[in-house]
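The values are calculated or read from the model by the stated rules, or taken from the named source; none is laboratory data. Small disclaimer: the values here were computed from a predicted structure and weren't measured. Cβ placement follows ideal geometry from the backbone for every residue including glycine, while neighbour counts extend to all protein chains displayed.
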Ligand SMILES: Nc1ncnc2c1ncn2[C@@H]1O[C@H](COP(=O)(O)OP(=O)(O)OP(=O)(O)O)[C@@H](O)[C@H]1O
Ligand SMILES: [Mg+2]
């Protein structure tokens, strides 16, 4: 586990970008945190680190939005999903099989959709200022442990 406090959207995006540089096809990242806390901002940084040129927005009407970067990038949002069956209906397993990078907002709502190993990121508002966010990285599995260790080395100066 590694955590740090981001004091602005710009810093949150920078940390995301650094993570994006470390990710490769097949990696899965699940983000949790209350409405409007900064999950999409973080993912916009990750997408930049994955060399996605198109603007990344909230996938409002789509459960999954696909982008082209260094590898396929899938941005999913489980917030409006009513059941796991709905995910099966859009071929979720096919997305997992396509070996892109999968970034899931509210992934914690449907844990059965996640592979056995993934990177969990929790974002919470914190003291002392309105724009402070505690970002906690919880790797599930050694592959993600190594990624978080490298991220901590690269971003430690921000912590
Ligand atoms: N330190 C910070 N990191 C990220 N965003 C911040 C920070 N401080 C303030 N903000 C603001 O919080 C908002 C975060 O919005 P964002 O859409 O990323 O949230 P979200 O977690 O994706 O919400 P939702 O659950 O609705 O998808 C933005 O308006 C952003 O400017
Ligand atoms: Mg969002």
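Going residue by residue through the stretch 43-63, is there one that turns out to be under 16 Å from the mean Cα position of the chain (by Cα), near ligand 1 (Cβ under 9 Å from one of its atoms) and modelled with pLDDT of 95 or more? Within the stretch 43-63, one or more residues are under 16 Å from the mean Cα position of the chain (by Cα), near ligand 1 (Cβ under 9 Å from one of its atoms) and modelled with pLDDT of 95 or more.
Let's see how each residue does on (1) in contact with a strand residue (DSSP E or B) (Cβ under 7 Å, 6 or more places away or on another chain); (2) away from ligand 2 (no atom under 11 Å from the Cβ):
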{"site": "43", "(1), (2)": "yes, no"}
{"site": "62", "(1), (2)": "no, yes"}
{"site": "69", "(1), (2)": "no, yes"}
{"site": "74", "(1), (2)": "yes, yes"}
{"site": "84", "(1), (2)": "no, yes"}
